[in-house]
Amino acid sequence: MNAPCETPTRRAKDYRSAIAPVWCPGCGHFAVLSAVTKALAHLQLGQERVAMVSGIGCSSRLPAYVETYGFHGIHGRALPLASGLKAARPDLTVIVTGGDGDGFSIGGNHFLHACRRNMDLTYIVMDNAVYGMTKGQASPTTEADWRRSKLTPHGSGLRPFLPATIAFAAGASFIARGFAGDPSGLTTLLVAAIEHPGFAFLQVLSPCQTFRPEQKDWKQKVHASTVEPASDPIEAARFLQSDDGFALGVLYARRLPVWQPRNQVSATPADLEAAFLR
Amino acid sequence: MNERLTHDPGTAIAIIGSGGSGAVTAGLILLAAVGHTGYYGLLGRSAGPQIRGGESAAMLRFGPHPVECMGDHFDLLVALDWDTVGRFADELPLACTSMILTDARHDEVPAVLGGHGASVHALPWRDLASTLPEGRVNMVALGSVGALLGLPFEALEAGVRATLGEKGERILAPSLAGVRAGYASGVDLGLNPPRVSGGGAAAPVAARWNLSGNEAAGLGAVRGGVRFVAAYPITPASEMLEWLAPRLELLGGSLLQAEDELASVNMIIGASFGGVPSLTATSGPGLSLMMEGLGLAVASETPVVVVNVQRGGPSTGIPTKSEQSDLNIALHGLHGDAPHLVLAALGIRDCAATVEWGVRLAEHLQTAAIVLSDQILGQSRAIVDPLTDQPFGGAGQAPLQRVIAPLADSDHRRYRSTATGISPMTLPGMPGGMYTADGLEHNEAGTPSSRAADHLEQLEKRLRKLTDFDYGSAWAEIRGEGERVLLTWGSAAGAVFEAAARLRAAGSPTKAIALRLLAPLPRAALLDALGGASQILVVEQNQGAQCFAYLHSLRVLPGHASSYARPGPLPLRPGEILDAVERDQPTREA
Ligand SMILES: Cc1ncc(C[n+]2csc(CCOP(=O)(O)OP(=O)(O)O)c2C)c(N)n1
Ligand code: SF4
């Protein structure tokens, strides 16, 4: 239809659904929700052309709060579900959200392969270094000596998972880190991630008010990344070796081949049947 | 159906050899040759566990009527060598009328083959092959067998070309020379070859398909509209994926090799949510990993299809051999109350029909469908009649498809509890239809809810849409009439149909019922079909009598029904079913 009508400008609140979040007051995930709506408004993406996909966790509740298409799937499997959707519907903007447990523990294998596959997806991990939804167990990004969970009273004793480094090693083409306490910086990073052609990984430090109240400190710990976003893998590797996990910004961005289906119709099932005739 | 169709024994040939002997290639050529001549045929194969170069056997049965199972014994055993026969011996039943053909330079027939009383004939294949440039024993043997069977040479030539043509003239020419030499040498052996009953070729050669069950299942998928497949390789399902990968591209779709089955099932859920009919194929270990995902498809009402090509289980089991032992997990493997579809293909040709039906049902009913095939269907090839459009009737009826919500519906609720239980769906890209699909229990609008009323309403609609649907007559294939019923499901159907036909031919009225739809079980239709049967034997290829137990749990079977269930890997043969019928009788009458 070519009706010469102007599409009204979409505002951030147009991307908020009527559903009230289940999150605790003060949870970092609210800032992520707000940044998502602002980034979508900034890009003026049609609500029906966006799909938000998630797994299970407090963070994974986000899609229902956004007025777009969405899929709240199962724990750890958001990336494959989103990959299937994007393969079938390359025309959609597909944004995946979830937590550190969802993405790095139960879904860790999918994380590696999504980085390698480099489909045009945006993956936001709301990292609070804890399992919020199941009431405070250690996650892959939790410090080895964190003793507040009844499951690991002596601490996990495990070296924390390094999301940016691992994404880099797995071949990700865009790696960024944001902070829930810096909403406008977060929106900018999110816009860049959505615009990146390929798999864009955005780790968001998103404090869990309830089970990790000490994460209030993060405000003091974060700092802008002092380096320009590297597109050279050697430079990026050097930076990641000295990364303290609190540097904010685009840490690595590089154009790499994007996995795309080759759908060009050139046959019908009847043509295929003919090959069985003997 | 014509009574003759199912009990003409046809001719059965096994070709065996150690790895690299070319036994399977010879079998493939022979299948194509008998197809060219106008016969139907079935070619099973058996391979050892070796990745490459293990022993192999090709088992061919052919005749003037569709061949649906292996027979009770082989008429002809062609041993290219005896090096590995020990590993196959129990797969090679012979009778005193059987002939064993072996190379004149080979050892005697090994004792493992047992006291069958078959006649042994030594032929100079090796010597003949050595006189030809690049001469191969399998081709020479194939030629002499073709002559023994009375096949015209041009049929063998067509078979060679159809099977090896892609390899180019360098392979083709010496192969044809070998077949020709063997053919010429075989004609005057003066033996009495096991010819097809009635002799000579069947009716004029009609257009037939030569395909494997895995290829047929792939075809059924695309006929049903599948345009996206995600999967992780696994024996014995991989050939289905290999067939699909290049062909989906031609159809404008794609196949994505996933990192594991947890991924593949979720990928197809995502693609289907996007509006593209989607499928995955796997075997038992992969199906086990998919269960949580299938529950998500059920709860979120996203249509998906899993073709599960069963193999020996549990655990890694016997990857290269057949068994019907995944019925339990297919029926009961999902947590929660998760009604879904379980179908089973009844034969190689039926792999296409049943997968197509499974796709259409899943799409229309917005649920998960598990279609059970197995190694023996998937990896065997057959000459069959082509499938018609709409294999399960409904001529003139629009094919089943997904119900899409009209754009203008201002009161659209994704999970509306309609009378049929089917809620019209919106797809990404449709303005005004936005919703978040969810595995969390939800209300009609899709908003997460743990209220009892919402849970009950959604549970009931998800059940109702499956149980109230009219599946027509495709739920089973029923042949013959009689007080005695042989009841089966899936790939056991072939042997059961033949056993029933033989009973009928012997004057003992017997009805065969093969279930294609296992869940939801069309209970009323099945009770009706069972009527007042005086003997019911449930036949299946697993240890635990899984179907028998399932039917009992739904109170379908009378107390006198009994079970003939045995595990794989040996294929079910009609004769053992007849024995089971025989054994069953006195106990019931006692
Ligand atoms: C298969 C499976 N195992 C376990 C769970 C329980 N579970 C739900 S959410 C969750 C962890 C969530 O943590 P994270 O992803 O870090 O998100 P957060 O709640 O902290 O935002 C777990 C273990 C589940 N839902 N499914
Ligand atoms: S438990 Fe933690 S992560 Fe979950 S909503 Fe509360 S504050 Fe946020």
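Residue separation of residue B:420 and residue B:120 scaled by 0.36 nm, minus their Cα-Cα distance, works out to 101.5 nm of gained length. In this structure, residue A:135 and residue A:234 have a Cβ-Cβ separation that, at R0 = 56 Å, corresponds to a calculated FRET efficiency of about 0.85. Under 10 Å, Cα contacts only: if you run a Gaussian network model on chain A, which one of A:125, A:222, A:94 comes out with the highest mean-square fluctuation? Of the options given, A:222 has the highest mean-square fluctuation. For chain A, the longest principal axis of the C-alpha atoms and the axis of helix A:78-88 are separated by about 20°.
Leaving out ligands, DNA and RNA, calculate the buried accessible area for the pair B and A with a 1.4 Å probe, summed over both sides, in Å² to the nearest 100.
So the total buried area for this chain pair works out to about 4300 Å².
Note: relative contact order over chain A, using C-alpha pairs below 8 Å and six or more positions apart, is 18 percent.
By definition, a body whose alpha carbon gyration tensor gives a ≥ b ≥ c is oblate when a/c is 1.5 or more and a/b is not larger than b/c, and segment B:403-469 fits this oblate description. If you take all other residues with their beta carbon under 13 Å from the beta carbon of residue A:145, and give Lys and Arg +1 and Asp and Glu -1, the sum is +1.
Provide the net charge surrounding residue A:67, with neighbours chosen by a C-beta distance below 13 Å and charges set as Lys +1, Arg +1, Asp -1, Glu -1. List each step's numbers first, then the result.
Working: positive: A:10, A:11, A:13, A:16, A:49; negative: A:14, A:48.
That works out to +3.
Accessible area ranking (1.4 Å probe, heavy atoms, ligands and nucleic acids excluded), largest first, for A:42, B:332, B:560, B:364: A:42, B:332, B:560, B:364. Distance between the C-alpha centers of segment A:65-79 and segment B:459-530? Whole Å please. Spelled out, the Cα-based centre of one part sits 41 Å from the other. Per-residue surface analysis assigns residue B:360 an accessible area of about 50 Å², computed on protein heavy atoms at 1.4 Å probe radius.
Based on Cα contacts under 8 Å between residues 6+ apart, segment B:403-469 shows a relative contact order of 33 percent.
For the protein assembly as shown, carbon and sulfur atoms together expose 54% of the accessible surface, with a 1.4 angstrom probe and every protein chain in place.
Classify segment B:290-429 as rounded, prolate or oblate, taking a ≥ b ≥ c as the square roots of the eigenvalues of its Cα gyration tensor: rounded when a/c is under 1.5, otherwise prolate if a/b is larger than b/c and oblate if not.
Since a/c reaches 1.5 but b/c is at least a/b, the shape of segment B:290-429 is classed as oblate.
Taking the C-alpha atoms only, the angle from helix B:284-300 to the longest principal axis of chain B is near 30 degrees. Taken per residue, the accessible surface of chain B reaches 36 Å², heavy atoms only and a 1.4 Å probe. Within the shell defined by Cβ-Cβ distances under 12 Å, the residues around residue B:429 carry a net charge of 0, with Lys and Arg each +1 and Asp and Glu each -1. Taking label positions 7 Å along the Cα-Cβ direction at both residue B:478 and residue B:506, the computed distance is 2.5 nm, reported to one decimal. Considering all different alpha carbon pairs of segment A:135-240, the Kirkwood hydrodynamic radius works out to 15.5 Å.
When both bridge partners sit in segment A:152-278, DSSP labels roughly 30% of those beta bridges antiparallel.
Spin-label model, residue A:242/residue A:221: points 7 Å from Cα along the beta carbon direction are separated by 2.0 nm.
Rolling a 1.4 Å probe across the protein heavy atoms gives chain A an accessible surface of 44 Å² per residue. GNM remark for chain A: springs join alpha carbons under 10 Å apart, and the peak mean-square fluctuation among A:226, A:134, A:268 falls on A:268. Rolling a 1.4 Å probe over the protein heavy atoms leaves residue B:247 with an accessible area of roughly 70 Å². Of the beta bridges in chain A, as assigned by DSSP with both residues counted there, near 15 percent are antiparallel. Sort out for me the Cα centre separation of segment B:107-132 from segment B:388-452, rounded to whole Å. Each part reduced to its Cα centre gives a spacing of 64 Å. Relative to the longest principal axis of the C-alpha atoms of chain A, give the angle of the C-alpha long axis of helix A:29-43, reported between 0 and 90° and rounded to the nearest 10°. So the helix axis and the longest Cα principal axis differ by about 40 degrees. Take each residue in A:86-96, count the other chain C-beta atoms within 10 Å of its C-beta, and the mean is 5.
Counting only DSSP beta bridges with both residues in segment B:476-589, the antiparallel share comes to about 20 percent. Going by accessible surface with a 1.4 Å probe and the largest first, B:416, A:49 read A:49, B:416. The shape of the protein assembly as shown can be summarised by an equivalent ellipsoid whose semi-axes, obtained from the alpha carbon gyration tensor, come to 56, 31, 24 Å from longest to shortest. Contact with the other protein chains removes 30 Å² or more of accessible area, compared with the isolated chain and a 1.4 Å probe, from these residues of segment B:248-267: B:249, B:250, B:251, B:252, B:254, B:256, B:259, B:262, B:266, B:267. Compared with the rule-of-thumb size 2.2 N^0.38 Å for a compact globular protein, chain B has a Cα radius of gyration ratio of 1.02.
Can you give the accessible area of residue B:112 in Å² (nearest 10), computed on protein heavy atoms with a 1.4 Å probe? For residue B:112, solvent-accessible area is about 90 Å².
Shape of segment B:211-384 from the C-alpha gyration tensor: rounded (a/c under 1.5, with a ≥ b ≥ c the square roots of its eigenvalues).
In the distance distribution for segment B:257-327, Cα-Cα pairs more than 13 Å apart total 62 percent.
Remark: spin-label model distance residue B:523-residue A:162 equals 6.1 nm, labels positioned 7 Å along the Cα→Cβ axis. Set the Cα radius of gyration of segment B:476-589 against 2.2 N^0.38 Å, with N its number of residues, and you get 0.96. With a Förster radius of 22 Å applied to the C-beta separation of residue B:130 and residue B:161, the computed FRET efficiency comes to 0.35. Rounded to the nearest Hz, the phi-derived 3J(HN,Hα) couplings of segment B:17-32 under the Karplus curve 6.51 cos²θ - 1.76 cosθ + 1.60 (θ = phi - 60°) are x, 6, x, x, 6, x, 4, 5, 4, 4, x, 4, 5, 5, 4, 4, where x marks glycine and proline.
Each of A:135, A:86 has its accessible area taken with a 1.4 Å probe; listed largest first, they run A:135, A:86.
The values are calculated or read from the model by the stated rules, or taken from the named source; none is laboratory data. Every value quoted in this text rests on a predicted model; they were computed, and no experiment measured them. Every residue, glycine as well, gets a Cβ built from its backbone with ideal geometry; the counts of neighbours run over all protein chains shown. Just the protein is used for accessible areas: all its heavy atoms, side chains included, with ligands, DNA and RNA removed. Shrake-Rupley method; radii C 1.70, N 1.55, O 1.52, S 1.80 Å.
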